[in-house]
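Each remark here refers to the structure printed beneath this line.
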Amino acid sequence: MKKIAVFTGTRAEYGLLYWILKELDRASNVELQLLVGGMHLSHEFGYTVEEIEKDGFKILERLEFLVSSDTPVGISKSIGLAIISVAESFSRLKPDLVVLLGDRFESMAIAQAAMIAGIPIAHIHGGELTQASIDDSVRHSITKMALLHFTSTEVYRKRVIQMGEQPKYVFNVGAPGIDNINQLTLMNKSELSESLNFSLSNDFFLVTYHPVTLVTGGAIEALENLLSALKDYPQHKVIITYPNADTYGRNLIGALVKFAESFPERVLLIQSMGQVRYLSAMKYASVVIGNSSSGIIETPSFKVPTVNVGDRQKGRESSQSVIHCDESYDAIKKAIYKATSEDFSMKIKGFENPYGKGGASKRVVDILIDETIKADIQKVFYDID
């Protein structure tokens, strides 16, 4: 039995890992070791560990490391605690391989402990760019600690190789998040409305805005501009999800709570929607707005417009259905106006999602359990010259 450990620390990350976890869990020659920590264990962010348990997964280790602070010092302390916690877990579990996804500081901490313990790392969604956040540095750091790489486009695969990773260990598989769209049973609009206890008889926007971690304060002024623009579309209701537990994230939460309390009949602010409700809302939204990667990667598969605000996702490949705008009030309002136009809605029906049509999760798992993949601890830098 190959012992494969998978770590998840956020609701969004878990959603992207869901079908990979399913495939590993039912593989006869794999022992899945699921490690859960970070936001999943925080009541402030919805205590989403309960969703993981409801999905039937056995959690081998709960890693308590997220401190109640979003300052740079607080985030650094969380990283240190995460390394300590998972180092002890690795000593007990002795996995043959660790699977990590994305660009979160929690995952970087897990990667550091795995590297020191001599455990090979498989990294998903490497090679991407998000130039206005520390996520860029975190993502590339995990890439340099990992042995196996699963990218979501060919451009990203080439970038990982450019960083000195061996081509034979870098696989373009597409985005695992597309598998949720293809395989989960989503709610219809009335079921979604009932589940949220929020009337969706009108058109609505789905909004997710995360801190811009390279900007002091997390770009609170940009969020205020976004909220002001939303006020100019009173005919649309608004569903807003909580930002991540990133640096300065609580600054944004305060502004969102105030906005929601000012428009209780029109605005729903929710800590965590869960994967089914979030994707169902994405499917029926008039526009997906904010600076989340979900607006870039998953939303285009629904043929729904995205308004991507600011530079947090700058550098990612995107469909023509994504409208990029700066953080000013005028730019955001203009972008929403374009996204809600009938002309744009007709155009996007012919646009393709550059992140694929699904099947990434099975491709990842097939490679992970393929005995021809030999986990060579001694990494060798690949020079493209």
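Within the range 235-250, is there a residue that is farther than 30 Å from D343 by Cβ and among the aromatic types (F, W, Y)? Checked against the condition, which is being farther than 30 Å from D343 by Cβ and among the aromatic types (F, W, Y), the range 235-250 yields at least one hit.
Within the range 26-49, is there a residue that is buried (at least 24 other Cβ atoms within 10 Å of the Cβ), free of Cβ contacts under 8 Å to residues at least 40 places away in the same chain and in contact with a Lys or Arg (Cβ under 8 Å, 6 or more places away or on another chain)? Yes, the range 26-49 contains a residue that is buried (at least 24 other Cβ atoms within 10 Å of the Cβ), free of Cβ contacts under 8 Å to residues at least 40 places away in the same chain and in contact with a Lys or Arg (Cβ under 8 Å, 6 or more places away or on another chain). Could you tell me which residue of the range 1-16 is surrounded by the fewest Cβ atoms within 10 Å (Cβ to Cβ), considering only residues that are aliphatic (A, V, I, L, M) and under 19 Å from H210 (Cβ atoms)? Looking at the filtered set, the residue picked out is A12.
For V309, the criteria (1) closer than 21 Å to N172 by Cβ; (2) not assigned by TED's automatic domain parsing to the domain that holds P95 hold in every case but one, which is (1). Among the residues of the range 309-326, the one identified as in a strand (DSSP E or B) and under 14 Å from G350 (Cα atoms) is V322. Kindly establish whether S318 is crowded, with 16+ Cβ neighbours inside 10 Å, closer than 30 Å to A27 by Cβ and not aliphatic (A, V, I, L, M). Answer is no for this residue. Pairing residues of the range 142-162 that are in a loop (DSSP other than H, G, I, E, B) with residues that are of a type in the set (D, E), at Cβ distances under 6 Å and at least 6 apart in sequence or on separate chains, gives T153/E317. Given N188, N182, N244, N251, which one is closer than 28 Å to L129 by Cβ, surrounded by fewer than 19 Cβ atoms within 10 Å (Cβ to Cβ) and out of contact with any Leu (no Cβ under 9 Å at 6 or more places or on another chain)? Step by step, each of N188, N182, N244, N251 is checked, and only N182 is closer than 28 Å to L129 by Cβ, surrounded by fewer than 19 Cβ atoms within 10 Å (Cβ to Cβ) and out of contact with any Leu (no Cβ under 9 Å at 6 or more places or on another chain).
Taken together, the criteria place L226 among residues that are modelled with pLDDT of 95 or more and part of a helix (DSSP H, G or I).
Checked against the criterion of being in a strand (DSSP E or B), in contact with a Pro (Cβ under 9 Å, 6 or more places away or on another chain) and not assigned by TED's automatic domain parsing to the domain that holds V6, the range 338-347 contains not a single residue that satisfies it. Among all residues of the range 205-222, there is at least one that is assigned by TED's automatic domain parsing to the domain that holds V288, at pLDDT 95 or above and of a type in the set (A, V, I, L, M).
For the range 50-64, the set of residues classified as without any contact (Cβ under 8 Å) to a residue 40 or more places away in the chain and over 20 Å from I4 (Cα atoms) consists of E50, K54, E64, listed by residue number. What is the one condition in (1) farther than 29 Å from D136 by Cα; (2) surrounded by fewer than 22 Cβ atoms within 10 Å (Cβ to Cβ); (3) of a type outside the set (D, E, K, R) that F204 does not satisfy? The number of the failed condition is (2). Of all residues in the range 86-129, exactly one satisfies the criterion of being hydroxyl-bearing (S, T, Y) and surrounded by 24 or more Cβ atoms within 10 Å (Cβ to Cβ), namely S107.
The values are calculated or read from the model by the stated rules, or taken from the named source; none is laboratory data. From a predicted model like this one, the values you see are computed outputs, not experimental measurements. Note: ideal-geometry Cβ built from the backbone for every residue, glycine included; neighbour counts use all protein chains shown.
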